[in-house]
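Contents: one structure, followed by commentary.
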Amino acid sequence: MSQPIYKRVLLKASGEALMGSQGFGIDVEVADRIASDIADACAMGVEVGVVVGGGNIFRGVAVASKGGDRVTGDHMGMLGTVINALALATSLRKLDIETVVLSAVAMPEICESFSQRRTLHHMAQGRVVIFAGGTGNPFFTTDSAAALRAAEIGAEAIFKGTQVDGIYSADPKKDPTATRFETLTHSEVLDKGLAVMDVAAVALARENSIPIVVFSIHEKGGFAQILTGGGRKTIVSDN
C-alpha cells in the first residue's frame, strides 16, 4: 500500500451525502461506504477527524428564510449533525474502527463533549473522532466548524467531500462548459466567489495555512487514493 501524503486530516462530509438517492434522512448503505473509505485511511496510519453536516435533516437558514428565529433554527440544525455523527459512528464501529463522537453542544447521555485536549487524547489512541454540533454557535456553518476543528487538531489538510470531483468554474451539472481547477490558492477561491466552502471557513484555513482538498465523496475508495497522491481533486493551497 502506498504511503499517505498526510498524517492527520479533517474530513468534511455534507449531510446531503448521507442521503444517497433518498430525499431525506440517512441511507445506511451510503454511511457504510463512507465509513469504509475512512477505514481504508486508518489502515494506512492516517489519523482522521470528521465533521458532518446536517442538511439531510434540517437547515437553520430554512427557518430564517420563512420568518422564523435563526438562532433556534441553527440549534435545530446542530441536533441534525449529532444524528448524522451517531449514524456514521455506528457504521465505523461495524468495521471495528474505534470511534468517538464529540459534540460542541453538551449532551452527556448521548456523546462526549468537545474539548481540544480530549480530542488529541482520542486521536493519539488511534480513534476516529467525529465532531458534532457544528461550532456550538449559531450563524456558523459546519464548513466553519471543519476549518476550526482542523486548526485545533493540527490537521495537515481539510478534505471536503462534495457531489463533484473538485472545484469547477461553474456548476458542472448545470453548465456543460464548466472547467475543473487542478489547483487554486485560498485567495483565488475567495476572489472568484467559488462556492466550495463558506468565506469564513476558507479564510480560517488560509490564516492557518491548511490546504483544502476537494473531491467527490461518492467515489468509492477515492479518499484513500487521494491521500496517497492520486485521484481527481482540486487542491487549494498557498504553498
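The values are calculated or read from the model by the stated rules, or taken from the named source; none is laboratory data. Quick caveat: nothing in here was measured; it's all calculated off a predicted structure. Ideal geometry is used to build each Cβ from the backbone, glycine not excepted, and the neighbour counts take in all protein chains shown. Only protein heavy atoms, including side chains, enter the accessible area calculation; ligands, DNA and RNA are left aside. Shrake-Rupley method; radii C 1.70, N 1.55, O 1.52, S 1.80 Å.
First obtain the Kirkwood hydrodynamic radius of segment 53-118 from its Cα pairs, then insert it into the Stokes-Einstein equation at 4 °C and 1.567 mPa s, and state the resulting D in µm² per second as a whole number.
Details: Rh = 13.0 Å.
D, rounded to a whole number, is 100 µm²/s.
With +1 on each Lys and Arg Cβ and -1 on each Asp and Glu Cβ, how big is the dipole of segment 22-132 about its Cα centre, in debye rounded to the nearest 20? Mind dumping the intermediate values first?
Details: 9 positive and 12 negative charges, 65 e Å.
Approximately 320 debye in magnitude.
Quick one: ranking His122, His75 by accessible area, 1.4 Å probe, largest first, what do you get? Could the numbers behind the result be given before it?
Details: His122 20, His75 85 Å².
Greatest to least solvent exposure: His75, His122.
Cα-Cα over 21 Å: which of Lys12/Lys233; Lys192/Lys220; Lys94/Lys220; Lys174/Lys220; Lys174/Lys233; Lys94/Lys233? Don't jump to the answer; show the numbers that get you there.
Details: Lys12/Lys233 14 Å; Lys192/Lys220 30 Å; Lys94/Lys220 18 Å; Lys174/Lys220 24 Å; Lys174/Lys233 19 Å; Lys94/Lys233 29 Å.
Among Lys12/Lys233; Lys192/Lys220; Lys94/Lys220; Lys174/Lys220; Lys174/Lys233; Lys94/Lys233, the Cα-Cα distance tops 21 Å for Lys192/Lys220; Lys174/Lys220; Lys94/Lys233.
For segment 71-168, take every pair of Cα atoms, bin their distances at 5 Å starting from 0, and report each bin as a whole percent.
Over segment 71-168, the share of Cα pairs per 5 Å bin runs 2, 12, 21, 24, 22, 12, 5, 1, 0 percent.
Rank-order 220-230, 4-14, 177-187 by packing density, defined as the average count of other C-beta atoms within 10 Å over each peptide's residues, highest first.
By packing density, highest mean first, the sequence is 4-14, 220-230, 177-187.
With N residues in segment 1-51, what two-decimal value do you get for its Cα radius of gyration over 2.2 N^0.38 Å? Intermediate results must be reported in sequence, preceding the final value.
Details: Rg = 12.6 Å, N = 51, 2.2 N^0.38 = 9.8 Å.
Ratio of Cα Rg to 2.2 N^0.38 Å: 1.29.
Rank Glu152, Glu109, Glu188 by accessible area, highest first, at a 1.4 Å probe radius? Spell out each step's value before the answer.
Details: Glu152 55, Glu109 165, Glu188 75 Å².
Result, largest first: Glu109, Glu188, Glu152.
How much accessible surface does Glu219 have with a 1.4 Å probe, in Å² rounded to 10?
110
With 10 Å bins from zero, work out the P(r) of segment 125-239 over every alpha carbon pair and list the percent per bin.
Calculated over all Cα pairs of segment 125-239, the distribution is 13, 44, 36, 7, 0 percent.
Could you give the accessible area per residue of segment 133-239, probe 1.4 Å, as a whole number in Å²? Numbers along the way, then the final one.
Working: 4820 Å² over 107 residues.
Here the per-residue accessible area is 45 Å².
Among all helices in the chain defined by DSSP H, which have a length of 24 Å or more along the axis from Cα atoms plus a Kyte-Doolittle mean of at least 0.0? Provide the component values of the computation, followed by the final result.
On the way: long enough: 70-94 (36 Å, 0.40).
Helices meeting the criterion: 70-94.
Computed over the Cα atoms, what is the radius of gyration of segment 98-143 divided by 2.2 N^0.38 Å, N being its residue count? The partial results should precede the final answer.
Values: Rg = 10.8 Å, N = 46, 2.2 N^0.38 = 9.4 Å.
Rg over 2.2 N^0.38 Å, computed on Cα atoms: 1.15.
On the protein heavy atoms, probe 1.4 angstrom, tell me the percent of accessible surface of segment 47-107 carried by carbon and sulfur.
Numbers: 1520 of 2560 Å².
The C+S portion of the solvent-accessible surface of segment 47-107 is 59 percent.
Dividing the Cα convex hull volume of segment 6-234 by residue count, how many Å³ per residue is that? It would help to have the intermediate numbers written out before the result.
Numbers: hull volume 28.2 nm³, N = 229.
Output value, Cα hull per residue: 123 Å³.
Give me the accessible area of Ile110, 1.4 Å probe, in Å² rounded to the nearest 10.
About 100 Å², rounded to the nearest 10.
Along segment 230-236, what does the Karplus equation 6.51 cos²θ - 1.76 cosθ + 1.60 (θ = phi - 60°) give for ³J(HN,Hα), rounded to whole Hz, x for Gly and Pro?
x, x, 9, 6, 10, 9, 9
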